[in-house]
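Here is the structure we will look at, set down as structure tokens.
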Amino acid sequence: MDLRAMAAQVAAAIDAAVDGSRWFRFDTFAECRYRTVRTMQLGVHYETINGSEVGVHTRLKAADGSTLSITAAGSPGQAVKESLNQLRRFLMVPQVNFGMATHSMGRKNPLPGAAVEDSHPVPTEAGLTDFADRILETNLGITGVLTFSELHREIACEDGATLVSDRQVRRRLHLEVSTPEGGVGEDGILLPNSEDISDPSVTEPVFDRALKRARYSYKRVPSPDGRLPVVFSGAAAGMLMHELVGHLLETDIIAAGGMALADRLGSQVCDMPLTVVDNPTLTGRWGSFTYDDEGRLAAPTPLLMDGIVCGVLTDRTRGLVNAAEYCGNSARRASHEYAPIPRMSNLSVSVGFDQLDDVIADLHDALYCDELTRGQVDPATGRFTLNMDSGRAIRSGRLCEYLAPAILAGNVLDVLASIRAICDDLDDIQTLCGKSGQQVLVEMNAPSLLVSALEVTSA
């Protein structure tokens with residue numbers, strides 16, 4: 001399917017329809033998604049789910065600031081017809097929130113021509129079976145679920161001045177295992193090529209990490225309470241920066257009063273050389289793209305540079321932040337049914353010079369946070385709580401017992417000011433980030449960090 005032609009057809013039809021009225025078309029976004037999910041319950045069965053979706057989203061503005069969004073799904077002809085029908089119905093509406101579609105068809109469209117073809121074959125049942133057999137051959141009594149997911153996404157954006165398109169392919173292998181003792185662990189990995197699933201050097205580390213987590217999950221003891229130094233693993237540190245830095249420097253959050261970090265633009269907030277960059281241009285990463293969902297060319301956005309707050313993530317609809325204007329290229333959306341909003345892509349934290357073993361060796365009573373999951377941050381005050389899913393106690397310079405989930409709390413500015421070590425290691429994590437009812441793919445890449453004190457409470 002030619003999405004550029006689809007976007008151009010819808011745009012031309014709407015431009016003609018609003019010609020001479022108080023409305024003008026702001027932009028038109030067309031999207032095709034094709035998803036394959038292959039699931040194998042170890043040694044039991046294999047299942048494949050396919051789905052596709054094609055749709056278009058158009059935003060309009062008026063001189064008085066009124067805004068309107070319309071969506072349609074289906075073939076190019078259907079999209080043109082439905083967009084015009086909605087336009088006729090909704091033009092009498094005086095004002096609609098720009099950040100939300102006024103109408104959604106809610107249809108999934110399995111169109112034979114909608115799938116984006118790829119040069120790499122998708123994993124066969126035999127490939128997944130081979131990996132599952134290698135796990136079962138360990139004779140450890142392991143059960144679990146092995147999942148391969150592949151998302152092909154193609155977009156086209158037309159704003160009256162430019163017409164651009166982008167193609168994005170994501171592949172991921174995920175394994176969840178259970179041990180006879182009752183332990184549960186999981187791990188996942190990005191797959192640049194789908195045939196990598198047959199390469200033991202790629203897949204065996206996934207099993208090793210999942211099994212390790214399963215084995216210590218049933219041995220965990222309650223976390224100590226109080227104010228403690230916390231060492232964050234690379235994956236946990238990436239999540240920490242995602243929640244405390246990335247979200248607080250998204251301009252829709254700032255515009256709603258979330259000035260806890262934006263008030264410090266141009267100021268030093270960390271004495272360490274902490275550098276945080278959101279970079280969608282990285283090759284083969286979970287959150288990468290060439291053009292954002294408003295058709296702007298992707299570019300790295302420094303958020304912190306050597307501890308100084310230096311940038312924000314924005315889109316075309318947001319204006320001034322602390323009297324500094326930023327060109328928006330961080331607009332993302334969950335699908336054509338939504339208007340884009342400022343979002344992170346691949347958040348990278350630069351490595352330091354400290355060695356993790358030395359950092360731990362200097363601590364007596366502390367916490368090692370291996371994995372962070374959900375969290376809440378008040379963007380106005382900077383107060384936050386984060387869920388530590390797994391970790392270990394640090395006693396007399398050694399990693400000791402595994403800890404049950406705990407709550408970490410504090411203030412964003414206090415945490416940034418209390419970073420005492422940035423290590424020379426690096427780890428990454430891929431996940432879905434939820435905001436304003438939309439979930440998008442994001443990745444974090446960071447070294448281990450030491451924060452001198454956080455409030456720790458057993459969950």
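The values are calculated or read from the model by the stated rules, or taken from the named source; none is laboratory data. Keep in mind the model is a prediction, meaning the values are calculated, not measured. With ideal geometry, Cβ positions are generated from the backbone for all residues, glycine too; neighbour counts draw on all protein chains shown.
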Return the residues of the range 272-284 that are in contact (Cβ under 8 Å) with a residue 60 or more places away in the chain and farther than 29 Å from Leu413 by Cβ; say none if nothing qualifies. Gly284
Does any residue of the range 323-343 turn out to be in contact (Cβ under 8 Å) with a residue 12 or more places away in the chain, assigned by TED's automatic domain parsing to the domain that holds Val412 and closer than 30 Å to Pro229 by Cα? no
If I filter the range 27-54 down to residues being of a type in the set (Ser, Thr, Tyr) and surrounded by fewer than 16 Cβ atoms within 10 Å (Cβ to Cβ), which single residue comes out as nearest to the chain's Cα centre (by Cα)? Thr48
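Assess whether Arg264 counts as being in contact with a helix residue (DSSP H, G or I) (Cβ under 9 Å, 6 or more places away or on another chain) and farther than 26 Å from Gly188 by Cβ.
It is true that Arg264 is in contact with a helix residue (DSSP H, G or I) (Cβ under 9 Å, 6 or more places away or on another chain) and farther than 26 Å from Gly188 by Cβ.
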When you check Phe24 against the structure, is it assigned by TED's automatic domain parsing to the domain that holds Glu186, in a strand (DSSP E or B) and over 28 Å from the mean Cα position of the chain (by Cα), yes or no? yes
Just need a number here: residues in the range 168-192 that are surrounded by 15 or more Cβ atoms within 10 Å (Cβ to Cβ), in contact with a Ser or Thr (Cβ under 9 Å, 6 or more places away or on another chain) and not hydrophobic (A, V, I, L, M, F, W, C). 11
How many residues of the range 165-202 are in contact with a Leu (Cβ under 7 Å, 6 or more places away or on another chain) and in a helix (DSSP H, G or I)? The answer is 1
